[in-house]
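Undergrad: For reference, the structure I am asking about is given below.
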Amino acid sequence: MKIKVEPFLMPKKFKVGRAAIEFESSDGILAGFYLVGFDIMVDDKNQTYVRFPSSVNISKAGSRSIWYFLRGNAEILEKLEHEILDVYETMIDNSGKEK
């Protein structure tokens, strides 16, 4: 598995980049596939975090349901988030600009 990150030169509101997971030949049946839709976000305290791929369904009554495409326990998802952010941080300098 390889993590690919694309920092944005011009952030889009709170979105500063995007990431994907590329499955390599050693990843079995998933080899050659990509899992896309990871958004790298920054909050109002300038902390970065990852928004995982999901779909939002809004009913006619106005209620929202979020369906996450990637599921796992909190510890595993947190580890993946740190891996994605590590790649992102190696690509930018302290000012948030791409190296």
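Coordinate-derived values only; no laboratory data. Please read these numbers as outputs of a predicted model, since none were measured by experiment. We place every Cβ from the backbone using ideal geometry, glycine too, and count neighbours over all the protein chains shown.
Undergrad: From a point 7 Å beyond the Cα of residue 35 in the direction of its Cβ, which residues of the range 5-27 have a backbone N at a distance under 12 Å?
TA: 20-24
Undergrad: Using the charge dipole of the chain (Lys, Arg: +1 at Cβ; Asp, Glu: -1 at Cβ; taken about the Cα centre), state which of 87, 34, 56 has its Cα farthest towards the positive end.
TA: 56
Undergrad: Report relative contact order for the range 2-91 in percent, whole number only (criteria: Cα-Cα under 8 Å, sequence separation at least 6). Present the calculation step by step, with values, prior to reporting the outcome.
TA: Values: 140 pairs, mean separation 20.5, N = 90.
Result for the range 2-91 is 23 percent.
Undergrad: Quick check: residue separation of residue 57 and residue 8 times 0.36 nm, minus the Cα distance between them. What number comes out in nm?
TA: Values: separation 49, 0.36 × 49 = 17.64 nm, distance 2.72 nm.
Between residue 57 and residue 8, full extension yields an extra 14.9 nm.
Undergrad: Can you list the residues, at least 5 places off or on another chain, whose amide H is less than 5 Å from the amide H of residue 37, using H built in the peptide plane?
TA: Result for residue 37 returns 19.
Undergrad: Another question about this same structure. If you average 1/r over every pair of different alpha-carbon atoms in the chain and take one over that average, what Kirkwood value in Å do you get?
TA: Details: mean 1/r = 0.0672 Å⁻¹.
In the chain this quantity evaluates to 14.9 Å.
Undergrad: Which whole-Hz ³J(HN,Hα) couplings does the range 49-59 yield from phi under the Karplus relation 6.51 cos²θ - 1.76 cosθ + 1.60, θ = phi - 60°, glycine and proline marked x?
TA: These are the phi-based 3J(HN,Hα) values: 8, 10, 9, 7, x, 7, 10, 10, 10, 10, 6 Hz.
Undergrad: Hey, another quick one. What ³J(HN,Hα) values, in whole Hz, does the Karplus curve 6.51 cos²θ - 1.76 cosθ + 1.60 give for the range 20-32 when θ = phi - 60°, with x put for Gly and Pro?
TA: 9, 10, 9, 8, 9, 4, 7, 8, x, 5, 7, 3, x
Undergrad: Which of 58, 76, 84 moves the most in a Gaussian network model of the chain with Cα springs under 10 Å?
TA: 58
Undergrad: Further question on the same structure: Test of understanding: ordering 68, 88 by Cβ neighbours within 10 Å, fewest first, what list do you get? Each step should come with its number before you reach the end.
TA: Working: 68 11, 88 21.
The most exposed by this proxy come first: 68, 88.
Undergrad: For the chain, with a Gaussian network of springs between Cα atoms less than 10 Å apart, report the residue from 35, 85, 70 with the top mean-square fluctuation.
TA: Checking each option, the largest mean-square fluctuation is seen for 70.
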